[in-house]
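Input: a single structure, listed below in structure tokens.
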């Protein structure tokens, strides 16, 4: 359901906007009146998202940025202010699945890559978003995209799991520190969703498992690689639009009494 004018005249920063949950959120937010400031390092697909917004009568800009670099997060906020004069809502959605491996086989560089793209992207964006909100002096909203992996274990991918726990920890701390400025900070925690990133990660792990099996690797090691498609109580993957609906609820005035929440958009996964 589209809520007409729910975000009328609101300026929304959204990272990871090129595809999946980010694209679904951008399209709906624009339909509901938001002026979109989109960012992603996938330039061609990010431009496609922007075109879809404009073709539907919406308004926005796109910046091809790697937000694991701190200066790019600062540029993102500066460009939003230069274009629209302010920032009202920030959805920090960019992230990766990384290269799954159990800890005893996990190279430090893989952990660094996963944290750079899952935690530091959020940390850097929050840093400059918060500065802008404080300067404006009239509050603001931040929604960080974590994962059910940030609330429980995730077989075979401890780096991803740890990075998403870090996002949820940061979210709660920011809620504590910045409510005095009228800034709300929450996170969403999706389970498996029909996105290219999830499918690519599953295919990567399955190919890795098959190669290990062919090489005669110990079955215990293969089991540690993960790759099982587990379903939540609602026996299917989520649609990106369902995750977008939850994100935009947290962005809206309907969630005005929510801060520090880690909202589980997981089909009941964490009820087990």
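Every number here is computed from the coordinates shown, using simple stated rules; none is lab data. Everything numeric in this text was worked out from a predicted model, so none of it was measured. Neighbour counts are summed over all protein chains in view; Cβ atoms, including those assigned to glycine, are modelled from backbone coordinates with ideal geometry.
Round to the nearest 10 and give me the degree value, 0 to 90, for the angle of helix 43-55's Cα axis relative to the longest principal axis of the chain. Computed tilt is about 40 degrees. Length gained on full extension, residue 180 to residue 79: 33.7 nm, using 0.36 nm per residue less the C-alpha separation. With neighbours defined as other Cβ atoms within 10 Å of a residue's Cβ, the residues 171, 265 order from fewest to most as 265, 171. Max-minus-min Cα coordinates of region 144-183 on each principal axis give 40, 11, 11 Å, with the largest extent listed first. Would you mind pulling out the separation of the Cα centroids of region 106-153 and region 170-185, in Å? Centre-to-centre (Cα) distance: 13 Å. From largest to smallest, the equivalent ellipsoid semi-axes obtained for region 1-105 from the alpha-carbon gyration tensor read 25, 16, 12 Å.
All C-alpha pair distances within region 40-186, sorted into 10 Å bins from zero, spread as 11, 36, 34, 17, 3, 0 percent across the bins. The packing ranking of peptides 39-49, 103-113, 137-147, highest mean first, is 137-147, 39-49, 103-113, where packing means the average number of other beta carbon atoms within 10 angstrom of each residue. In terms of its Cα atoms, the chain spans 60, 39, 36 Å along the principal axes, sorted from long to short.
Helix content alone sets the calculated 222 nm mean residue ellipticity of the chain: runs of n ≥ 4 DSSP H residues at -39500 (n - 2.57) each, divided across all residues, give -14000 deg cm²/dmol.
With respect to the chain, whose longest principal axis is taken over its alpha-carbon atoms, helix 158-178 is tilted by about 30°. Residue exposure proxy: 163, 271, 252, ordered by other Cβ atoms within 10 angstrom of their Cβ from fewest to most, comes out as 271, 252, 163. Neighbour counts of other Cβ atoms within 10 Å put 96, 167 in the fewest-to-most order 96, 167. Residues of region 63-91 with an amide N closer than 14 Å to a point placed 7 Å from the Cα of residue 135 along the Cα-to-Cβ direction: 73-88.
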